[in-house]
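First comes the structure, then the notes that go with it.
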Amino acid sequence: MTQDKLKELLQDMSLEEKVGQMIQLPADVLTGGGLVTGPTGTTQLTDEQVGMAGSVLGIEGAEKICELQKRQMEKQPHHIPMLFMLDVINGFETIFPIPLALGCTFSPEMAEEACAAAAKEATSDGLHVTFSPMLDLVRDARWGRVMESPGEDPYLNSEMARAMVRGYQGDLHAKDKMAACLKHFAGYGAPDGGRDYDNVELSERTLMEDYLPAYEAAVKAGCRLAMTSFNTLNRIPSSGNKWLMRKILREKMGFDGVVISDYSAVEEMVFHGIAADAREAAKLAVEAGVDIDMVSNAYAGHLTELVRSGEVPEKLVDEAVWRILQLKNDLGLFEEPLRVVDSSEAEKVLLCGDFRQKARETAAASFVLLKNEGVLPLREDGRKNSGAEKNAAPTGSIAWIGPYVDNHEIYGAWSFPRNKEEIVTVKQGVEAKGLPGMAFAQGCYLMDKGCATKYGQITNPSDEQADLWMEEALRLAESSDQVVLCLGEHKDLSGEAGSRTSLGIPEGQMELLRKVRQVNPNIVTVLFCGRPLAVGEIAELSRALLVVWMPGTEGGNAIADVLFGDRIPQGKLSMTFPRSLGQVPVYYNHFPTGRPNPPHEIHLFRNGYLDQVTAPLYPFGYGLSYTEFAYSEVKLDRREMKAGERITASVTVTNTGDISGVETVQLYLRDPSASVARPVRSLKGFRKVTLAPGESREVRFVIEEPMLRFYDIHMDYVSEPGRFEVYIGGSSDTENRAEFVLG
Ligand code: GLC
C-alpha cells in the first residue's frame, strides 16, 4: 500500500480501531490453546476488544493462522490483517543451539544462516514476527535467561546482533523473511541476585558502555521491533521509562520501529508500585512510547477513555498505530494477508536436509572443549587419526553412560518441537557412525527427586530403579576401555523463570561420575547445560570435558562428529565459567581496582577472596582444539597513532599439531590510564582461521581511534591520548601484548 493510502487508512480509523491495533492477544484467547509463554487467565477483554486486536502471539500452523486471519479481518471495520508473532529463539522446527552456544561459535556467518533458516521455517508456517534476537548482556550465571543471550561481551554481542537481524529480516516483502524484535530493552540481564524480573541497578556509564551496544547494533541493522524489559532500571520499569524508550532508544539510537511491551509488563507496573492501577499504567506506557501492549489489559481497558478524557493526546496513539501499520505494510500483509495458505510450503521446508546439516555444523562449532588429556578424539591411536582416517575404529570398547545418552530433550527452553523423536540423541548419533564396541547405559535419573523446576517438583518413580541403573552402569564402565559420561542440567532449569541458587548438576549424576571414576578413570564428560556451571569437580574427575550446551535437533550427530574427530572442536566461551558460585558475577572485562591481585594468587589486603583466587575456572574466549596453536609476538606497524590514523596489529598463528584445526584469534585492547577506570581488557576484534598441521598464517587487525572511545569523566564518548595495550591470543587471558600511544 502506498504511504498516502496508509495515511488515509489511519485517518479513517476510529479511536477504538486504533487502540485495537495496540493490543496483542495471547494465543489461548483466540484459540483456547497455543503456546503460552507467561501467566494465563489475566486477559479480561470484551469480545469487541478481541475482535479489534491487531496482533497475537503463540499461534503456529499455517492453516490455523489462515483461518484466524480471515476471521479477524472480517471483524475489523477496515479489514486490517493481524500480525502473528512467536518466540523463534534458536530455530523453529529445526532447532539450533541456544544463543549462548551460538555466541561460542564466534561466527556471525553461522548466526545469520541459523536465523535465515529459522525465518524460512517460521514463515512457511504463517508467522510474521519473531521475538528475537535477545541481546541482554549477561554476567551472572544464576539468571536462567543467560541461555538466550550471545554472552558477556558487548563487541561479540553486537556482531551477533547484526548477523541475526540480517538472517531474520533481509527484505521483509520476501515471503521467507520475518520481522525481528530486539529484546529486552534494557539491561534485563543484570537483575539483583540473578533473580528473574528483579531490579537492575546500572550506572549510566555501565549501561551505555556495556549493556546498550548490542541493542544499538540491532537498531542500526534495521531491526523492526524492540521489546521492553520486565525489570526496573534504576527503579523505573522499562515499559514506563520515557528516558529509556524515547530519549535513548528512539532519539539517541534512531529506532523508528514498533515498541512492544514484554508479556503483561505494562499492567505489571502496578506491582512495581509506580502505577496506582492499569489505567495509570496505560498512560505511563503510551507516554513512554510503547506501541503494543502484549497481553495485559491496560490499553484495552483504558486507552480509549484516556484519549477521550484528554489525558492522553490522540497524537500518541496515531504515532503508535502508524508504526504498526508501516510494519504490516512492509511485510506486504495488505496485499497478501495470507502469506501462506496451507501447510504445503511448511512440509517442504520444516526439518529439511539442508537445515539439519546447518544445525549439525553449527552445533559442532558451538561446543567448547574445556579439558583434554589426550583422550579425544576417540579414534585408534587417539589424536593422530582425527579428521584423517574417518573410518578408523576407536581404541577399544566405549561405554556411553548417563541420563543424556538416550535423551531427546537436548534443546533450549524456548524450543517447541512438534515431534521430539526428530531430535537426534547421543546414542543415535553414535550408532549412526556404525563403529564396533559401543555400549550404552542410563546410569541415573535426569534429575534428583524433589528437584524444583519451573514446571513443578521432580518425583522419580523408584530408588530401586536408580540402584539397578547404577549397578548396570558400573559393570559396563569397569568392563570398557573408555567411558563417555553424558551429564547435565535439564532444559527446564534454565530459560525464563529459571534462576538458580546453585550452579551444579543433579547430585545423582555427580554420584554416578564419582562411582564410575573409581572403576575406570578414562572418562570423557559431555556436559549439557543452559548456563555456565561450576564444573570444578567434574573437570577434576574427567580426562576430557566438552560443553555442548543445548545443541538442538542434530545434537547427537554433532556430538558424535566431534568426539570421533570428524569435526574438530572450535568453540570459545561466550560467557565465563566460574570456579564456584561464590565468584558470580564474574566476567573477563572487569576492573583493575586499587589493589590488583594476580588472578591466580591470594594476597592479604588485595582485591579478591580469602578462600579462592579471583581467576574463573575457564575465562571468556577460552576453548581447546584437538591440535595446538602457537602465536608469534604481537607486531604493530607503528607505535604512535594520531586521530584519523590507524595501526595494523598482526600475529602469526601456527598449527603445531598433527591435525587441522580452527582457531579464533582474538584482539583485546586496554586503556590503562584514563579519566575513569577502564576494564583490564575489551574484545575489539576476532578472526577464525583454519590451519592444516604445521601451517602458519599471519592474522592482521586494524586499530582505529573510534575503537578506543569510551564514556569519559563528563560522559562524552571520546578517546583520550595516552598509552594503550594490545593483546592478541586464543583467549581473553592471553598475555601476548604490545603497546602504542595515541597522540
Ligand atoms: C516472555 C519473555 C519474552 C517473550 C515474551 C513472549 O515473558 O520475557 O522474551 O518474547 O514473553 O513470549
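Since every read-out is calculated from the coordinates, none of them should be taken as a lab result. The structure displayed is predicted, hence computed values, not measured ones. Glycine also receives a Cβ, built like all others from the backbone with ideal geometry; neighbour counts cover every protein chain displayed.
With the cut-off at 27 Å, tell me which of the pairs Lys348/Lys688; Lys427/Lys491; Lys5/Lys120 have Cα atoms farther apart than that.
Lys348/Lys688; Lys5/Lys120
Which FRET efficiency value, to the nearest 0.05, do you get for Lys70 and Ser462 by plugging their Cβ-Cβ distance into 1/(1 + (r/R0)^6) with R0 = 51 Å?
0.50
Any chance you could tell me what percent of the C-alpha pair distances in segment 79-147 go past 20 Å?
35
Please compute, over every Cα-Cα pair in segment 352-574, the percentage with a separation greater than 25 angstrom.
35
What is the distance in Å between the Cα centres of segment 451-485 and segment 136-180?
36
Taking amide H atoms as placed 1.01 Å from N in the peptide plane, list the residues 5 or more away in sequence, or in a different chain, whose amide H sits under 5 Å from that of Gly91.
HN-HN under 5 Å from Gly91: Phe96.
Which log10 I(q)/I(0) values, to two decimals, does the chain give at q = 0.07, 0.10, 0.11 Å⁻¹ under the Debye formula with one point per Cα?
Relative scattering, expressed as log10 I(q)/I(0), comes to -0.50, -1.02, -1.20.
For segment 629-742, give me the percentage of DSSP beta bridges that are antiparallel, rounded to the nearest 5 percent.
For segment 629-742, the DSSP antiparallel bridge percentage is about 95.
Let me know the charge dipole size of segment 352-574 about its Cα centre in debye, to the nearest 20, where only the beta-carbon of Lys, Arg (+1) and Asp, Glu (-1) is charged.
680
In debye, nearest 20: dipole of the chain around its Cα centre with unit charges on the Cβ of K, R (+) and D, E (-)?
1560
Roughly how tilted is helix 3-12, in degrees to the nearest 10 and between 0 and 90, from the longest Cα axis of the chain?
60
For Asp176, Asp256, what ranking results if the residue with the fewest other Cβ atoms within 10 Å of its Cβ goes first?
By the 10 Å Cβ count, ascending: Asp256, Asp176.
Could you please state, rounded to a whole Å, how far the C-alpha centre of segment 665-743 is from the C-alpha centre of segment 506-563?
Segment 665-743 and segment 506-563 have Cα centres separated by 34 Å.
Ordered by residue, what ³J(HN,Hα) values in Hz, to whole numbers, does segment 343-352 give under the Karplus form 6.51 cos²θ - 1.76 cosθ + 1.60, where θ = phi - 60° and Gly and Pro are x?
With coefficients 6.51, -1.76 and 1.60, one gets 8, 4, 5, 4, 4, 7, 9, 4, 6, 5 Hz.
Sorting Ser660, Ser696 on the 10 Å Cβ count, fewest up front, what's the list?
Fewest-to-most ranking of Ser660, Ser696: Ser696, Ser660.
Can you pull the semi-axes for segment 629-742, root of five times each eigenvalue of the Cα gyration tensor, sorted largest first, whole Å?
30, 13, 11
Determine ³J(HN,Hα), in whole Hz, for all residues of segment 728-742 in sequence, where each value follows from phi through the Karplus function 6.51 cos²θ - 1.76 cosθ + 1.60 and θ = phi - 60°; x replaces Gly and Pro.
My calculation for segment 728-742 gives 9, x, x, 6, 5, 9, 4, 10, 7, 9, 8, 10, 8, 10, 8 Hz in order.
Given H placed on each backbone N at 1.01 Å, which residues far from Cys451 in sequence or on other chains put an amide H within less than 5 Å of it?
Here the answer is Ile458, since their amide H atoms fall under 5 Å of that of Cys451.
Mind checking the angle between helix 278-288 and the chain's longest principal axis? C-alpha axes, 0 to 90 degrees, to the nearest 10.
Tilt relative to the chain: about 80 degrees.
Using amide H atoms built 1.01 Å from N in the peptide plane, name the residues 5+ places from Trp400, or on other chains, whose amide H lies under 5 Å from its own.
Answer set, sorted by chain and number: Ala439, Phe440, Ala441, Val484.
Report the gain in length on full extension from Lys515 to Lys5: 0.36 nm times residue separation, minus Cα-Cα distance, nm rounded to one decimal.
Residue separation times 0.36 nm, minus the Cα-Cα distance, leaves 176.4 nm.
Got a sec? How would Ile728, Ile602 order by Cβ neighbour count within 10 Å, fewest to most?
If I rank by nearby Cβ atoms, fewest first, I get Ile602, Ile728.
Can you work out the Karplus-derived ³J(HN,Hα) for every residue in segment 157-166? Use 6.51 cos²θ - 1.76 cosθ + 1.60 with θ = phi - 60°, whole Hz, and x for glycine or proline.
So the J values, rounded to whole Hz, are 4, 5, 4, 5, 4, 4, 5, 5, 5, 4.
Give the angle, between 0 and 90 degrees and rounded to the nearest 10, that separates the Cα long axis of helix 507-519 from the longest principal axis of the Cα atoms of the chain.
Helix 507-519 sits at roughly 20 degrees to that axis.
Quick check on the chain: helices-only [θ] at 222 nm, where DSSP H runs of length 4 and up contribute -39,500 (n - 2.57) each and the sum goes over total residues. Nearest 500, please.
Value at 222 nm, helices only, nearest 500: -7500 deg cm²/dmol.
Taking the DSSP beta bridges in the chain as the whole, what percent of them are antiparallel, to the nearest 5?
Antiparallel: roughly 55 percent of the beta bridges in the chain.
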